[in-house]
Amino acid sequence: MHYITKIIPVQTTKPIEIIDITAEVSDAVSSSGLNQGQVIVISQHTTAYININEKENRLLEDMETFLKRFAPRDGNYLHNLNPVDGRDNAHSHLLGLLMNASETIPFSKGKLLVGEWQSVFFIELDGPRKQRNILLQISGI
């Protein structure tokens, strides 16, 4: 068994942003030289997450609208009274309760084994941010 660790840096431009990172994850797996195994994709942040879902423009708009309605930025949150880093981002942390920080994706012959409609997304909930990091842990033979 071999292990490879890579970082994918991401810059975000919106308060809530859904970014397709499928190509970057796929490229990392195919360039790893490993034939079969799995890749763990993890966000290294508490207000940004990883998700597998369908990439369709109207659906992505619906997802963003849903997140904004579910936990509005201007809600009355205790965390915002004295935020640790000066960001009133309680809504971002609360939305994170519904999401995964990571996804594990199998691969074979150097290709991700995802369904026809599945894409891998990085979901920013507290942007914009100059740099976010996505860690890949690729393991296999």
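Readers should treat all values here as calculations from the given coordinates under stated rules, not as data from a laboratory. Model, not experiment: these values are computed from the prediction. Positions of Cβ are backbone-derived with ideal geometry, glycine not excepted, and every protein chain shown enters the neighbour counts.
Estimated from helices alone, the mean residue ellipticity of the chain at 222 nm is -6000 deg cm²/dmol (sum of -39500 (n - 2.57) over DSSP H runs with n ≥ 4, per residue). Take the Cα of Leu113, step 7 Å toward its Cβ, do the same at Asp20, and the gap between the two points is 2.4 nm. Spin-label pair Ser31-His2: with each label point 7 Å from Cα along the Cα-Cβ axis, the two points sit 1.5 nm from one another. Sorting Met99, Met63, Met1 by the number of Cβ atoms found within 10 Å of their own Cβ, with the fewest placed first, yields Met1, Met99, Met63. The convex hull defined by the C-alpha atoms of the chain has an orientation-averaged projected area of 8.7 nm². When Val29, Val84 are sorted by how many other C-beta atoms sit within 10 angstrom of their C-beta, beginning with the fewest, the order is Val84, Val29.
Assuming charge only on the beta carbon of Lys and Arg (+1) and of Asp and Glu (-1), the dipole of the range 2-140 about its Cα centre is about 260 debye to the nearest 20.
Straightening the chain between Leu98 and Asp62 buys 11.3 nm, computed as 0.36 nm per residue apart minus the Cα-Cα spacing. Only aspartates and glutamates eight or more places from Lys130 in sequence, or on another chain, were considered; those with a Cα closer than 14 Å are Glu17. Separation of the range 110-126 and the range 29-107, taken as the distance between their Cα centroids, equals 12 angstrom. Of all beta bridges that DSSP places with both ends in the range 11-141, some 100 percent have antiparallel geometry. When each of Ile8, Ile16, Ile138 is scored by the number of other beta-carbon atoms lying within 10 Å, the sequence from fewest to most is Ile8, Ile16, Ile138. Remark: for residue pairs Lys6/Lys68; Lys14/Lys111; Lys68/Lys111; Lys6/Lys111, the C-alpha separation exceeds 27 Å in Lys6/Lys68; Lys14/Lys111; Lys68/Lys111.
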